[in-house]
Each structure stands twice: as structure tokens, then as C-alpha cells.
1. Starting from the range 46-64, take each residue that is without any contact (Cβ under 8 Å) to a residue 12 or more places away in the chain and within 15 Å of S23 (Cβ to Cβ) and list its partners that are part of a strand (DSSP E or B) and of a type in the set (S, T, Y), counting only C-beta distances under 7 angstrom and pairs at least six apart or across chains.
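All of the numbers you see were taken from the coordinates with simple rules; none came from a lab. Just so we're clear, the structure is a prediction, and the values are computed from it rather than from any experiment. As a convention, Cβ positions derive from the backbone with ideal geometry for all residues, glycine included, and neighbour counts pool all protein chains shown.
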Amino acid sequence: MVYGRCTIPTEEQMRMCFILCRSLTQLYRSIDLVDVDDRTGNVVILSGEETQISVRPNGQWRFE
């Protein structure tokens, strides 16, 4: 969903982002960036120098 010029994540994405960010911080990993890719609608989570996670609109996620 687009709100103004900002893409809003789906409920499934928000739920999964919370779970993933919580899991990363429990492992003492910093969360450097959380953003929505306007081209794909995926939420992107960057943690540290090597970890990139992509969350699709249906809530499925994968390491990039």
C-alpha cells in the first residue's frame, strides 16, 4: 500500500519484521536499516556488514 510517497508494509511483513529484528537483537546484532523497496514491495533489513534479509509482502523471508 502506498501512503503519500511512502510505501507501507503489509501486516504480514510488519509481523515478520518484528520477529526477525527481535531475533537479530537477541543475537546482539545491530539493525542498521529497515526500509521498503518501492520497486518490489519487499521490506529490506540490513544488519551488520554481511546480513541482508528481504521480506516479501506475504511475510515469507530470505537471506540475500
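1. R62/S54
Every residue, every condition in (1) out of contact with any strand residue (DSSP E or B) (no Cβ under 9 Å at 6 or more places or on another chain); (2) over 15 Å from F63 (Cα atoms), yes or no:
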{"position": "E11", "(1), (2)": "yes, yes"}
{"position": "M14", "(1), (2)": "no, yes"}
{"position": "F18", "(1), (2)": "yes, yes"}
{"position": "S23", "(1), (2)": "yes, no"}
{"position": "Q26", "(1), (2)": "yes, yes"}
{"position": "I31", "(1), (2)": "no, no"}
{"position": "T40", "(1), (2)": "no, yes"}
{"position": "L46", "(1), (2)": "no, no"}
{"position": "E49", "(1), (2)": "yes, no"}
